[in-house]
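Beneath this line is the structure, given in structure tokens, with notes to follow.
The values are calculated or read from the model by the stated rules, or taken from the named source; none is laboratory data. Every value quoted in this text rests on a predicted model; they were computed, and no experiment measured them. When we count neighbours, we look across all protein chains shown, and the Cβ atoms used for this are built from the backbone with ideal geometry, even at glycine.
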Amino acid sequence: MTVKLYAFTCGTLTGEFAHLMEGGEGDVTVPIPVFLIEHPSGRALFDTGLHPDCQHDPAGRLGPRLAGLFRIDFKPGEEVSARLEAIDRDPARIDLVINSHFHFDHVGGNALIPNATMLVQRREWDAGMDPGHHGEARVQSARFRPRTQIVSATPFLPEIWPRLEEGALICKSRDDLVRYQTQIANGSSATTPGQAPDCHTIRKQTGIQILAHDGPSRTQIVTTDESKETWWTNSYLPSTPPPSVAKGPGAGK
């Protein structure tokens, strides 16, 4: 599988550094980047830069307040559609536009990509469509052609499975685990995992692979992180994942 990445500069903005970073001094010029990702499954743009209206009438596009904050250097041929055509890519054949957020220099070229599905986080979409949330600039920037679909995306982080939960006991050897369990069963004063040789509780959820079982209360595991450490645990490890894992994207594949 081959994935290609192209980077374009679609104009620049110059303004007071303090408008971009607290404590900044003087003026700063920043490029306006757009990225094309070509994947066997399709083509995606990450951000789309400025709208072409900003080449000749930025105040008319953005409003006088926002246009007054920056000096826009944006020439014909630097809009995202022209950048694509310069490398023989048809703007009408872009499948996906991923907008990091709705600032005018990130979404202005969306209207030049007529057939793409737009991917954006729900909170950013709601803020961008709220006239009271830095109103006119975001709403002006987010004018999309009717054929563009709006997709609300919350990043999916697949649950780890199988796993040990935070606070689970692990021991370096089976004998250490047996010794610890015997102490607990006999009511020994050594009732905390740290007082048993080579035993401790983990501080975060950890992915594992199960290596062996020794009855219902002792399991040998290896962690799936970079350390690949082998341990014994007394944690209950069900043979089937919880519903939240089983119902996740790709479940059953």
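Structure values in brief
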quantity: Pairs, first β-branched (Val, Ile, Thr) in region 10-30, second outside any strand (DSSP E or B), C-beta under 6 Å, six or more apart; calculated: Val28/Phe17
quantity: Flag for Ala185 being of a type outside the set (Ser, Thr, Tyr) and modelled with pLDDT of 85 or more; calculated: no
quantity: Residue match in region 50-61 (condition: surrounded by fewer than 18 Cβ atoms within 10 Å (Cβ to Cβ), farther than 23 Å from Gly128 by Cα and assigned by TED's automatic domain parsing to the domain that holds Leu112); calculated: yes
quantity: Scope region 204-223; condition part of a loop (DSSP other than H, G, I, E, B) and at pLDDT below 90; matching residues; calculated: Lys204, Gln205, Asp214, Gly215, Pro216, Ser217
quantity: Any hit, region 5-24, residues being assigned to a strand (DSSP E or B), acidic (Asp, Glu) and at pLDDT 95 or above; calculated: no
quantity: Scope region 21-42; condition surrounded by 13 or more Cβ atoms within 10 Å (Cβ to Cβ) and either outside the structural domain of Gly109 (by TED's automatic domain parsing) or among the hydrophobic types (A, V, I, L, M, F, W, C) (or both); matching residues; calculated: Val28, Val30, Ile32, Val34, Phe35, Leu36, Ile37
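Rundown of residues vs (1) modelled with pLDDT under 95; (2) crowded, with 21+ Cβ neighbours inside 10 Å; (3) over 23 Å from Lys4 (Cβ atoms); (4) not assigned by TED's automatic domain parsing to the domain that holds His19, yes/no style:
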{"site": "Ala67", "(1), (2), (3), (4)": "yes, no, yes, no"}
{"site": "Asp88", "(1), (2), (3), (4)": "no, no, no, no"}
{"site": "Asn115", "(1), (2), (3), (4)": "yes, no, no, no"}
{"site": "Pro146", "(1), (2), (3), (4)": "yes, no, yes, no"}
{"site": "Gly167", "(1), (2), (3), (4)": "yes, no, yes, yes"}
